[in-house]
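The values are calculated or read from the model by the stated rules, or taken from the named source; none is laboratory data. As the structure is a prediction and not an experimental result, all values here were calculated from the model. Virtual Cβ from ideal backbone geometry, glycine too; neighbours counted across all protein chains shown.
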Amino acid sequence: MIGIFDSGYGGLTILEKIRTVLPEYDYIYLGDNARTPYGTRSFDIVYHYTLQCVEKLFDLGCHLVILACNTASAKALRTIQQRDLPRIDASRRVLGVIRPTVEALGMLTRTRHVGLLATPGTVQSESYPIEIRKLFPDITVSAEACPMWVPLIENNEHLSAGADFFVEKNIRQLFGQDKNIDTIILGCTHYPLLLPKIKKFVPKDIKLVAQGEIVAQSLADYLLRHPEIEQTCSRNGQCTFLTTESEEKFGATARIFLQKNIQVRHIHLQ
Ligand code: DGL
């Protein structure tokens with residue numbers, strides 16, 4: 001099975017796109033809902049929580065795990081790849097969502113001025129500017145942390161009139177940093193749910209980059225280039241949902257993301 005990990009629900013937006021592009025594989029989705037949000041937590045805590053979840057997915061039989069969470073990709077991915085994988089099992093793979101998103105940017109921006117909307121954790125990590133500088137040194141990045149957006153979505157308030165205040169405020173602040181931005185990365189897997197509101201406050205000619213399709217295409221490409229990993233992935237088109245919170249709570253909020261009821265199982269990490 002392919003493991004899909006997120007701090008909570010946001011990874012469901014990535015999982016959906018991955019299953020559209022690669023429906024034949026089996027997936028385990030793990031949401032660490034008991035400890036969400038990760039976006040406001042320290043570097044060390046996000047790393048330890050993420051590692052624990054990745055090890056759980058390995059124990060459950062995943063050879064390949066996608067960190068479908070920008071905060072975990074920003075704060076934990078590199079250390080897990082470089083320090084933990086060789087110790088745990090060098091044949092397993094953990095991939096994130098930041099690199100594929102950055103790779104897609106080069107073709108999208110014309111002004112070479114890009115905006116990033118993300119959690120405080122992702123913004124503070126500077127992972128996006130660092131990755132962008134490596135691939136496209138000519139691109140200027142301005143980042144705006146949006147601490148209220150994830151709670152708005154998880155409380156099902158993202159389409160309410162109240163959400164306008166926070167969405168408008170953060171977008172205004174982003175353009176206040178740089179008026180030449182022509183492309184905005186939605187650098188949090190929750191944010192596609194806010195797209196109707198974001199579009200209300202962003203000029204029409206600005207490109208909005210949601211990550212689901214980019215990550216799905218990048219995974220399809222990865223599996224083609226790595227037959228040794230592809231061969232470890234079973235193919236029954238099934239998806240198992242696991243949460244560290246209660247099954248009822250996960251199921252109710254997951255409905256906001258998936259517009260359908262799902263079967264969920266609670267797991268203990270310790
Ligand atoms: N889904 C997470 C991300 O992409 C944000 C949610 C959280 O703060 O835990 O960064």
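Pairing residues of the range 54-76 that are charged (D, E, K, R) with residues that are part of a helix (DSSP H, G or I) and within 9 Å of the ligand (Cβ to nearest atom), at Cβ distances under 9 Å and at least 6 apart in sequence or on separate chains, gives Lys75/Val46; Lys75/Gly121; Lys75/Thr122. Scanning the range 1-35 for residues that are away from the ligand (no atom under 13 Å from the Cβ) and charged (D, E, K, R) turns up Glu16, Lys17, Arg19, Glu24, Asp26.
Condition check ((1) within 30 Å of Val114 (Cβ to Cβ); (2) within 16 Å of the ligand (Cβ to nearest atom)) across all residues:
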| site | (1), (2) |
| --- | --- |
| Phe175 | yes, no |
| Pro196 | yes, no |
| Gly212 | yes, yes |
| Glu245 | no, yes |
| His266 | no, no |
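Could you please let me know if Met107 is aliphatic (A, V, I, L, M) and modelled with pLDDT under 95? So Met107 passes the test.
Can you tell me which residue in the range 26-54 is nearest to Arg83 (Cα to Cα), limited to those that are surrounded by fewer than 20 Cβ atoms within 10 Å (Cβ to Cβ) and among the hydroxyl-bearing types (Ser, Thr, Tyr)? Going through the qualifying residues, I end up with Ser42. Would a scan of the range 214-232 turn up a residue that is surrounded by 13 or more Cβ atoms within 10 Å (Cβ to Cβ), in contact with a Gly (Cβ under 6 Å, 6 or more places away or on another chain) and within 30 Å of Ala163 (Cα to Cα)? No, that holds for no residue. Any idea how many residues of the range 236-253 are within 20 Å of Leu57 (Cβ to Cβ) and touching a Phe, Trp or Tyr at 6+ places or on another chain (Cβ under 6 Å)? Going through the range 236-253 one residue at a time, the tally reaches 3. Tallying residues that are under 24 Å from Thr50 (Cα atoms) and in a helix (DSSP H, G or I) within the range 123-141 yields 9. Only one of the listed residues (Asn156, Asn170) is at pLDDT below 95, within 16 Å of the ligand (Cβ to nearest atom) and polar (S, T, N, Q). That residue is Asn156. For Leu67, state whether it is within 17 Å of the chain's Cα centre (by Cα) and under 15 Å from Asp6 (Cβ atoms). So Leu67 passes the test. Considered as a group, the residues in the range 178-213 that are among the polar types (S, T, N, Q) and farther than 18 Å from Thr140 by Cα include one that is surrounded by the most Cβ atoms within 10 Å (Cβ to Cβ), and that residue is Thr189. Inspect the range 88-95 for any residue being surrounded by fewer than 23 Cβ atoms within 10 Å (Cβ to Cβ), under 15 Å from the mean Cα position of the chain (by Cα) and not aromatic (Phe, Trp, Tyr) and give the result as yes or no. Yes: the range 88-95 contains one or more residues that are surrounded by fewer than 23 Cβ atoms within 10 Å (Cβ to Cβ), under 15 Å from the mean Cα position of the chain (by Cα) and not aromatic (Phe, Trp, Tyr). Anything in the range 132-142 that is within 17 Å of Val97 (Cβ to Cβ) and surrounded by fewer than 20 Cβ atoms within 10 Å (Cβ to Cβ)? List them, or say none. Lys134, Leu135, listed by residue number.
State whether the residues of the range 39-47 include one that is closer than 29 Å to His266 by Cβ and touching a strand residue (DSSP E or B) at 6+ places or on another chain (Cβ under 7 Å). No - not one qualifying residue is present in the range 39-47.
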